[in-house]
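Novice: Quick one: the structure is below, and I'll ask about it shortly.
The values are calculated or read from the model by the stated rules, or taken from the named source; none is laboratory data. Note that the coordinates shown come from a computational prediction; the quantities given were computed from them, not determined experimentally. Virtual Cβ from ideal backbone geometry, glycine too; neighbours counted across all protein chains shown.
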Amino acid sequence: MSLIAFLGAIESGFLFGLVALGIYLSFRVLNFPDVTVDGSFPLGGAVAAILIDTGTDPYLATLIAVAAGALAGAVTAGLNVFLNILHLFAGILTMIALYSINLRIMGRPNVSLLNTPTVFTPLEALGVPNYMIMPVVFAVIALGVKLLLDRFLGSKAGLAMRATGSNAQMATAQGINNKAMILLGIALANALVALTGALFAQNQGSADVTMGVGLIMVGLASLIAGESVLRPRTVFLATLGCIIGSVIYRIAVALALNADFLGLRAQDLNMITAGLVILAIVLSDRRGRLRLKAG
């Protein structure tokens, strides 16, 4: 594997670590299997791209994209807590609706951002090649968001959210509004995913309505890989594991695609992802059994 391919894997790993953090928030903290991410990721890209393309400041466009993602998450949570629709089904409904919404926003299947100012344009003045500077930029963003999420989960609202996910009945007995916590948590999770979509679109130079297909599997693979490497005994380790797992996943995919003897191609990405998820689950399960025997 070339240096450029390796650094590209590191870059993608840190960027999609934000997706893993969002999935951690919904799946692990709130125990809410949310598949809205397959729709909120391209939503973030679509909103940011169309706003930037029409002359909006890239930073403002990115913030609006984040807000759009939060709204999508709130819709999924609202379907669940107010209309009593099963959380998994609620996420599927929102994800399907977002496909049409994203097409409406962009007005076409994709929007190009080539030769258009983005949040990364100021970095060009540094004179450093993109393949070298972008991994550092995304590492800083991912770790910064991780620390902010750690701080939030350690706050009063964050502890209330964790209590809701751990034991909803006990949380209610303590005066916690579970519906509000679910709405806030799923909105925040999808805001992180939409942020990833907005940054991804600006980094790649285009937004596409299909760019979120299979993202839930990518996020789960990263989450499980991170939990296999770092035992999530604390929030700090759990969120760090999300980022590390995302980087490991991307490097594993890059190695698989660049291993000539395997004969794999770019279109095999989803198959590789499924295989890595299965492998991570099996290894995690065996590790748990060995720990029990040792205990």
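Novice: Just to be sure before I move on: is Ala160 modelled with pLDDT under 95 and closer than 25 Å to Val81 by Cβ in the structure I sent?
Specialist: Working: modelled with pLDDT under 95: no; closer than 25 Å to Val81 by Cβ: yes.
Spelling it out, it is not the case that Ala160 is modelled with pLDDT under 95 and closer than 25 Å to Val81 by Cβ.
Novice: May I pose another question? Evaluate the range 264-286: report whether one residue or more is aliphatic (A, V, I, L, M) and either at pLDDT 80 or above or not in a helix (DSSP H, G or I) (or both).
Specialist: yes
Novice: So in the range 106-147, with the set limited to residues that are touching a strand residue (DSSP E or B) at 6+ places or on another chain (Cβ under 9 Å) and buried (at least 18 other Cβ atoms within 10 Å of the Cβ), which one is nearest to Thr76 (Cα to Cα)?
Specialist: Residues of the range 106-147 that are touching a strand residue (DSSP E or B) at 6+ places or on another chain (Cβ under 9 Å), as a first pass: 106, 109-114.
When the remaining residues are screened for being buried (at least 18 other Cβ atoms within 10 Å of the Cβ), the result is 106, 111, 113.
Working: Met106: 22, Val111: 26, Leu113: 30 Å.
Looking at residues that are touching a strand residue (DSSP E or B) at 6+ places or on another chain (Cβ under 9 Å) and buried (at least 18 other Cβ atoms within 10 Å of the Cβ), I get Met106.
Novice: Still on this model: Mind checking which residues of the range 183-209 are in a helix (DSSP H, G or I) and hydroxyl-bearing (Ser, Thr, Tyr)? Outline the logic, then answer.
Specialist: Keep residues of the range 183-209 that are in a helix (DSSP H, G or I), which gives 183-204.
Thr196, the sole residue that qualifies.
Novice: Only one of (1) closer than 28 Å to Arg250 by Cα; (2) among the β-branched types (Val, Ile, Thr); (3) out of contact with any helix residue (DSSP H, G or I) (no Cβ under 6 Å at 6 or more places or on another chain) is not met by Val119, so which one is it?
Specialist: Val119 satisfies all of (1) closer than 28 Å to Arg250 by Cα; (2) among the β-branched types (Val, Ile, Thr); (3) out of contact with any helix residue (DSSP H, G or I) (no Cβ under 6 Å at 6 or more places or on another chain) except (3).
Novice: Take the residues in the range 19-48 that are among the β-branched types (Val, Ile, Thr) and over 15 Å from Ala90 (Cβ atoms), then tell me which one is surrounded by the fewest Cβ atoms within 10 Å (Cβ to Cβ).
Specialist: Checking each candidate, the answer is Val29.
Novice: Exactly one condition in (1) of a type in the set (A, V, I, L, M, F, W, C); (2) over 29 Å from Arg108 (Cα atoms); (3) part of a loop (DSSP other than H, G, I, E, B) is not met by Leu7; state its number.
Specialist: Single failed check for Leu7: (3).
Novice: If you go through the range 49-80, how many residues are in a helix (DSSP H, G or I) and either under 20 Å from the mean Cα position of the chain (by Cα) or surrounded by fewer than 18 Cβ atoms within 10 Å (Cβ to Cβ) (or both)?
Specialist: Residues that pass the stated criteria total 21.
Novice: Do you know which of the residues in the range 210-231 that are more than 13 Å from the chain's Cα centre (by Cα), in contact (Cβ under 8 Å) with a residue 60 or more places away in the chain and assigned to a helix (DSSP H, G or I) is surrounded by the most Cβ atoms within 10 Å (Cβ to Cβ)?
Specialist: Only one residue fits best here, namely Gly226.
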